[in-house]
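**Q** Structure in structure tokens, see below.
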Amino acid sequence: MPELVHLQPAWSHARSRMFRRCRREYFLHYHAAAGGFRSDAPPETRLIYQQKQLSGLRLWLTQLLRQAVYRTLYRYPDDRPEPAGRLTAELWRLYHRDRRALLLENWRDDPAGSPNLPEFYYDCQSPEQLFQEAQALLETGLAAFQACARFHRLWDLTLFHLMPLEQWQRFYLGAVELYLTAAFAYQRHGQLYFWEIQLPGAAEIQRRDLAALHKFYAFGRRHLSPDKVTTFFYQPGASRAEVLPDADLNCSELRLLIDAEAAQFLSAFRSIRSPEELPETPEHCPGCRFRGYCRQTPHG
């Protein structure tokens, strides 16, 4: 098993949820999978990395919609007479690209760059059923997104206003390394706006904390005061985007939580060198992406 990596304080919502849910899963995801993308990685490490990259169906489709919006905005900055048509074409292009990659099992040679779903990996749903469900969900989500009033306002933006964001933004809050993501962001009239496209059923506290993280990011990286930052939340299938009032956010409470949990993430695994040293969480195992690995190893 490789040595622990990222031995510096780090925090994200995904880390926090996973740590509370199952510490063995956390160790596998953030430590044991390190270097598994390399072709010369040990077989065990490569197996763990492959399972780390598994993405649920709804998360995959949400990511496709985010990518399609982002690419449409940046690919056609001066040619936007048909925003709905451009977005539709881009979304289905990305879907068929990933569909081919899934059927060809490209993840076996390129687990970092190719999509993979638990339904395929664990053979628990036929490809025909899976893609029928995927297409129906995409059609519903796309129609609702295009019916959202704020969707049409996006096409009034120019590249001068848009901020190119990578999939993950890394920044620091004191000594803690933080990660956040957004579909895209734009700055206009001194205001910074983030768009989050989320899965249905996202917890309210998660949305509040994401909005607070955007304010931390804007202050630390863009030197903007918190009142200059707004986050729009959109869920595929909804008819409008939501904004959380600043009064609902508790940035100071989140800051305390980040410092406390980041230190806990480090201290919990300092002496751990193998996932077998950590207990499983039986109620979580049936849906865990690492269930294939854990079935082959002793319980903690």
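The values are calculated or read from the model by the stated rules, or taken from the named source; none is laboratory data. Because the structure is a prediction, the values reported are computed rather than measured. Neighbour counts are summed over all protein chains in view; Cβ atoms, including those assigned to glycine, are modelled from backbone coordinates with ideal geometry. Protein only, heavy atoms only, side chains kept; ligands, DNA and RNA dropped before computing areas. Shrake-Rupley method; radii C 1.70, N 1.55, O 1.52, S 1.80 Å.
**Q** Any residue that is touching an Asp or Glu at 6+ places or on another chain (Cβ under 8 Å), of a type in the set (D, E, K, R) and modelled with pLDDT of 75 or more - is there at least one of those in the range 177-196?
**A** No: the range 177-196 contains no residue that is touching an Asp or Glu at 6+ places or on another chain (Cβ under 8 Å), of a type in the set (D, E, K, R) and modelled with pLDDT of 75 or more.
**Q** Scan the range 45-64 residue by residue and report those that are closer than 16 Å to H31 by Cα and free of Cβ contacts under 8 Å to residues at least 60 places away in the same chain.
**A** T45
**Q** While we're here: Can you tell me how many residues within the range 180-218 are touching a helix residue (DSSP H, G or I) at 6+ places or on another chain (Cβ under 7 Å) and assigned to a strand (DSSP E or B)?
**A** 7
**Q** For the range 261-283, how many residues meet the condition of being part of a helix (DSSP H, G or I) and surrounded by 11 or more Cβ atoms within 10 Å (Cβ to Cβ)?
**A** 9
**Q** Just give me the residues in the range 104-122 being under 24 Å from C285 (Cα atoms), at pLDDT below 90 and not in a helix (DSSP H, G or I), in sequence order.
**A** Answer for the range 104-122, where residues must be under 24 Å from C285 (Cα atoms), at pLDDT below 90 and not in a helix (DSSP H, G or I): P111, A112.
**Q** I've got another one for you. Taking only the range 41-73 into account, find how many residues are open to solvent by 50 Å² or more (accessible area, probe 1.4 Å) and touching a strand residue (DSSP E or B) at 6+ places or on another chain (Cβ under 8 Å).
**A** Residues in the range 41-73 being open to solvent by 50 Å² or more (accessible area, probe 1.4 Å) and touching a strand residue (DSSP E or B) at 6+ places or on another chain (Cβ under 8 Å): 1 in total.
**Q** Of these, R240, R221, which one is part of a loop (DSSP other than H, G, I, E, B) and closer than 24 Å to L192 by Cβ?
**A** Checking each option against the conditions leaves just R240.
**Q** Now a separate question. If you take the residues in the range 23-40 that are open to solvent by less than 10 Å² (accessible area, probe 1.4 Å) and not charged (D, E, K, R), which one is nearest to W107 (Cα to Cα)?
**A** Per the stated criteria, the residue is G36.
**Q** In addition: Which residues, taken from the range 258-280, are touching a residue at least 24 places away in the same chain (Cβ under 8 Å) and within 23 Å of the chain's Cα centre (by Cα)?
**A** Hits for the range 258-280 are I258, D259, E261, A262, A263, Q264, F265, L266.
**Q** Inspect the range 213-229 for any residue being crowded, with 19+ Cβ neighbours inside 10 Å, closer than 17 Å to R17 by Cα and within 20 Å of the chain's Cα centre (by Cα) and give the result as yes or no.
**A** Yes, the range 213-229 has at least one match.
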